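The values are calculated or read from the model by the stated rules, or taken from the named source; none is laboratory data. Bear in mind the structure is a predicted one, so any value in this text is a computation, not a measurement. All Cβ positions, even for glycine, are placed from backbone atoms using ideal geometry, and neighbour counts span all protein chains on display. Note: areas computed on protein heavy atoms with side chains; ligands, DNA, RNA excluded. Shrake-Rupley method; radii C 1.70, N 1.55, O 1.52, S 1.80 Å.
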Amino acid sequence: MIPITPQRVVFFGVTGSGKTTAAERYAAATGLPLTSVDSDIGWLPGWAERDPAEQLRMVEEIASRDAWVLDSFYRKWSDHLIPRVEVIVALDYPRWLSLSRLVRRTLRRMVLREEVCNGNTESFRRVIAHDSIIRWHFTSFASKRRRIREYQDAGLPVLRFTRPRDLERWLRSYETPVAEDGVGS
């Protein structure tokens with residue numbers, strides 16, 4: 001059973017589905033602490049991957065807390081996180097939607113030189129590299145969707161969204177509308 005306001009939440013889905021944005025909104029609405037997996041755990045400046053043992057140590061420390069929101073998780077340490085999760089918010093959108101979002105985001109970041117994480121930016125070279133985020137979308141799409149079904153079949157607490165408007169409705173249920181005088185209604 002999923003609590004009314006889950007305190008230990010992980011967002012999961014295909015690359016480009018909007019996990020980080022959704023996690024940021026949920027954390028802001030609930031006041032729960034947010035961990036950005038890529039920025040805080042996975043990547044260092046220069047696109048260097050943090051040592052896996054250090055990643056695992058960090059994840060175990062986060063999982064031991066009473067409250068947290070993660071914008072994703074890596075398969076290599078998911079077994080240390082999932083037993084503590086109160087809900088996995090699964091964004092299971094069609095490829096055309098997540099890929100179009102990913103391409104737009106990547107191009108915007110590349111053209112505007114927006115930081116992705118820890119000083120790292122997108123570039124034309126990164127977009128066409130063997131470890132490109134767009135290539136990763138194609139490589140991981142089927143397995144991530146399969147994992148969502150596996151989590152559901154295993155009886156884990158999964159909220160699966162197949163349409164952005166359904167996620168939007170769920171997120172809005174946690175956001176307090178602000179009246180014109182600046183006070184929540």
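Scan segment 72-90 for residues that are in a helix (DSSP H, G or I), open to solvent by 10 Å² or more (accessible area, probe 1.4 Å) and either of a type in the set (Phe, Trp, Tyr) or in contact with a strand residue (DSSP E or B) (Cβ under 7 Å, 6 or more places away or on another chain) (or both) and jot them down.
Of everything in segment 72-90, just one residue is in a helix (DSSP H, G or I), open to solvent by 10 Å² or more (accessible area, probe 1.4 Å) and either of a type in the set (Phe, Trp, Tyr) or in contact with a strand residue (DSSP E or B) (Cβ under 7 Å, 6 or more places away or on another chain) (or both), namely ARG84.
Taking segment 57-71 as the search range and keeping residues that are among the acidic types (Asp, Glu) and under 24 Å from ILE4 (Cα atoms), which one is least open to solvent (accessible area, probe 1.4 Å)?
Among those residues, the one meeting the criterion is ASP71.
Any residue at all in segment 34-54 that is over 13 Å from the mean Cα position of the chain (by Cα) and closer than 25 Å to ARG163 by Cα?
Going residue by residue through segment 34-54, those that are over 13 Å from the mean Cα position of the chain (by Cα) are 43-54.
Among the residues that remain, those that are also closer than 25 Å to ARG163 by Cα are: none.
There is no residue in segment 34-54 that is over 13 Å from the mean Cα position of the chain (by Cα) and closer than 25 Å to ARG163 by Cα.
Tell me, which helices (runs of 4 or more DSSP H) wholly within segment 91-185 include 2 or more residues that are open to solvent by 30 Å² or more (accessible area, probe 1.4 Å), in contact with a Ser or Thr (Cβ under 8 Å, 6 or more places away or on another chain) and of a type in the set (Lys, Arg)?
In segment 91-185, 95-112 are the helices (runs of 4 or more DSSP H) which contain 2 or more residues that are open to solvent by 30 Å² or more (accessible area, probe 1.4 Å), in contact with a Ser or Thr (Cβ under 8 Å, 6 or more places away or on another chain) and of a type in the set (Lys, Arg).
Applying the selection to segment 1-33, what residues are part of a loop (DSSP other than H, G, I, E, B), open to solvent by 40 Å² or more (accessible area, probe 1.4 Å), within 17 Å of SER173 (Cβ to Cβ) and modelled with pLDDT of 95 or more?
Correct list: GLN7, GLY31.
How about segment 52-71: which of its residues are aliphatic (A, V, I, L, M) and in a helix (DSSP H, G or I)? Steps first, please.
Start the filter on segment 52-71 by keeping residues that are aliphatic (A, V, I, L, M), which leaves 53, 56, 58-59, 62-63, 67, 69-70.
Hits for segment 52-71 are ALA53, LEU56, MET58, VAL59, ILE62, ALA63.
Could you please let me know if THR106 is more than 30 Å from ILE2 (Cα to Cα) and in contact (Cβ under 8 Å) with a residue 12 or more places away in the chain? Spell out the reasoning first.
Details: more than 30 Å from ILE2 (Cα to Cα): yes; in contact (Cβ under 8 Å) with a residue 12 or more places away in the chain: yes.
Yes; evaluated as a whole, the condition is true for this residue.
Give me the pairs: first residue in segment 76-101 and over 10 Å from SER17 (Cβ atoms), second residue assigned to a helix (DSSP H, G or I) and open to solvent by 40 Å² or more (accessible area, probe 1.4 Å), beta-carbon distance under 7 Å, and six or more apart or on different chains, which are they?
LYS76/PRO52; TRP77/LEU56; HIS80/LEU56; HIS80/GLU60
Over 15 Å from the mean Cα position of the chain (by Cα) and polar (S, T, N, Q), is that true of SER132? Give the steps one after another, and end with the answer.
Details: over 15 Å from the mean Cα position of the chain (by Cα): yes; polar (S, T, N, Q): yes.
It is true that SER132 is over 15 Å from the mean Cα position of the chain (by Cα) and polar (S, T, N, Q).
Please tell me if ARG95 is within 30 Å of GLU61 (Cα to Cα), at pLDDT 85 or above and touching a Phe, Trp or Tyr at 6+ places or on another chain (Cβ under 9 Å).
no
Find all pairs meeting these conditions: Cβ atoms under 9 angstrom apart; at least six residues apart or on different chains; first residue within segment 136-162 and within 17 Å of THR15 (Cβ to Cβ); second residue open to solvent by 30 Å² or more (accessible area, probe 1.4 Å) and in a loop (DSSP other than H, G, I, E, B).
Listed pairs, sorted by first residue: THR162/PRO94.
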